[in-house]
1. Can you pull out the residues in the stretch B:231-251 that are open to solvent by less than 50 Å² (accessible area, probe 1.4 Å) and assigned to a helix (DSSP H, G or I)?
2. Between B:369, B:345, B:351, which is more than 17 Å from the chain's Cα centre (by Cα), open to solvent by less than 10 Å² (accessible area, probe 1.4 Å) and among the charged types (D, E, K, R)?
3. Given the criterion closer than 28 Å to residue B:178 by Cα and assigned by TED's automatic domain parsing to the domain that holds residue B:163, identify the matching residue among B:74, B:78, B:111, B:86.
4. Please go through the stretch B:43-67 and pick out each residue that is assigned to a helix (DSSP H, G or I) and open to solvent by 20 Å² or more (accessible area, probe 1.4 Å).
5. If residue B:88 meets every condition in (1) modelled with pLDDT of 95 or more; (2) in contact with an Asp or Glu (Cβ under 8 Å, 6 or more places away or on another chain) apart from one, which number is that one?
6. Quick one: which of B:334, B:349 is away from the ligand (no atom under 16 Å from the Cβ), modelled with pLDDT of 95 or more, of a type in the set (Val, Ile, Thr) and in contact with a helix residue (DSSP H, G or I) (Cβ under 8 Å, 6 or more places away or on another chain)?
7. Identify the residue in the stretch B:122-149 that is within 16 Å of the ligand (Cβ to nearest atom) and in contact with a Ser or Thr (Cβ under 6 Å, 6 or more places away or on another chain) and, among all such residues, is nearest to residue B:108 (Cα to Cα).
8. On the basis of being away from chain B (no Cβ under 14 Å) and aliphatic (A, V, I, L, M), does residue A:81 make the cut?
Amino acid sequence: MGIIEVQNEIVEEFSLFEDWMQRYEYMIELGKSIDLIDSSKKIDTNLIKGCQSKLWLHAELREDRLIFKADSEAIITKGIAAILLRVFSNQTPKNILEANLEFIDKIGLKEHLSPTRANGLLSMIKQIKYYALAFNKN
Amino acid sequence: MAFDVNKIREDFPILKRKVNGCPLVYLDNAATSQKPRKVIDSIVDYYENYNSNIHRGVHSISQEATDAYEEARKKIQKHFNVKDSKEIILTSGTTHSINLVANGFTSLLNKEDEILISELEHHSNIVPWQMMCEKNGAKIKVIPLTSNGELNYDSFLGLLSNKTKLVFVNHVSNALGTINPIKSIISKAHEYGAAVLIDGAQASSHIKADLQDLNVDFYTTSAHKLCGPTGIGMLFGKKEWLTKMPPYQGGGEMISEVTFEKTTYADLPHKFEAGTPNIAGAIGFGASLDYLNSIGFENIEAYESELLNYATNKLKNIPELKIYGEAKDKTSVISFNVGELHSYDIGTILDKFGIAVRTGQHCAQPVMDYFGIPGTVRASFSFYNTKEEIDYFCKSLERAITMLS
Ligand SMILES: Cc1ncc(COP(=O)(O)O)c(C=O)c1O
């Protein structure tokens, strides 16, 4: 599935929820099934800055696609990371670089995008884009 | 005056607002306090009616502003029972005050000297001393904690020696609410000829400190912690010390004569108040002391300790909840964790319920390291909080725990 299709799918899932509590419960569920980073990769160089809880992100290229793995001490942060992984993992660097992030607003998580939120969502997106830039051959 | 919390709440406009669709329950008072109408009005009144620069104009409104500014200093003097108003330096807050003293001590200490700092300190306040020590070679010794979050008094006695030149301890810990035995610390330090600086930032909203009785050398606070505005605070320093210390910043107000060859400094307190000060802030600070004194610190202390006991007992009923810092003497601050849950998650969900708490390290990394935890949730109560709010907080916390588990 392409990035836009995955984003639409997520927006559709979140549209079923009536209030923030259901959205957060779902996010927490997603966090529990995140593609976990190997514990040997939980090193300082993989830490995302600007986060009140520790958040690790690792990327590797498999054929032409970037595979992301992550983990966090905080379950909400982990849920947010899981959503980003669903969108960006297993995509080509070029597509990642071109992707926009409107879906975050649509699923009611815009508040987490504020640079002062200290949850690292913004820094995590930046890091994902940096990886894409680094691995982009074109 | 009888203490009526509902009436008091009317004084605070912000307490009427909603957050995320729920009434605001503000339990982050240790970070900063809310402001009563009287304080807000005093600031507006200054800007609307007599805004002017001070100490330099011959015109009427400059005189009015100067009088109001100096009146604020007098209110601070009276509140803290300070002998001479010249011993009150108006600063931008505790951080500024501490830097001012650390800078002053740079030339007074050398590499043979030691300063004692408690492990309970606000970590940003350790930095000015590290900066000082880099310059003069003095050494920092750390007064350790005990497991209930108190200072280890015996270790303190053990660290004191003739080399000790300065002791720096907070009156109340921001992370745990521990009230330190500063009176004994001060008198013990004095036996060795050491000066004592007490950081009163967390204490001032709960405890009215009598600085002459404490016989402290330096004491500092920030107005925003006690219902006053941000960006203003004070440093009390004994005249002997303030006279000995060189000025911190150069600028207007702090000089008496300037030529290119030499400048003579103004007398206290102006020697340490370079530039146009925070005039509105000082006026607001004075108004906040008036306000708190009109409620009465006995009433505030009694009510807040009732809230603390009420909340502590309720929280202890929540399974796996662990409270950090159970000093015998503490202010209305509860730092806690629940099982393996991260404080950030709990804080995020509570915010959705309209509840403001602090999460993380609370600028006290050494304290968190001592307990081996990345952080805590900290709920801090003020005299305008209610038991109903604590009930709602506990209920919401339980819902958060269910969601997160
Ligand atoms: C104990 C203590 N000291 C110092 C400070 C710093 O105060 P300010 O930021 O007002 O300078 C605080 C406030 O967070 C505090 O709680």
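1. We begin by selecting, within the stretch B:231-251, every residue open to solvent by less than 50 Å² (accessible area, probe 1.4 Å); these are B:231-238, B:241-242, B:245-247, B:251.
Selection gives B:241, B:242.
2. Values: B:369 fails: open to solvent by less than 10 Å² (accessible area, probe 1.4 Å); B:351 fails: open to solvent by less than 10 Å² (accessible area, probe 1.4 Å).
Residue meeting the stated conditions: B:345.
3. Numbers: B:74 fails: closer than 28 Å to residue B:178 by Cα; B:111 fails: closer than 28 Å to residue B:178 by Cα; B:86 fails: closer than 28 Å to residue B:178 by Cα.
Exactly one residue qualifies, and that residue is B:78.
4. B:43, B:44, B:45, B:47, B:48, B:49, B:50, B:60, B:61, B:63, B:64, B:67
5. Single failed check for residue B:88: (2).
6. On the way: B:334 fails: away from the ligand (no atom under 16 Å from the Cβ).
None of the others qualify; the one that does is B:349.
7. The selected residue is B:143.
8. For residue A:81, the condition - away from chain B (no Cβ under 14 Å) and aliphatic (A, V, I, L, M) - is not met.
The values are calculated or read from the model by the stated rules, or taken from the named source; none is laboratory data. All values derive from a computational prediction rather than experimental measurement. Cβ coordinates were reconstructed from backbone atoms using ideal geometry, including for glycine residues, and neighbour counts include every protein chain displayed. Accessible surface is based on the protein model in full, side chains and every heavy atom, while ligands, DNA and RNA are left aside. Shrake-Rupley method; radii C 1.70, N 1.55, O 1.52, S 1.80 Å.
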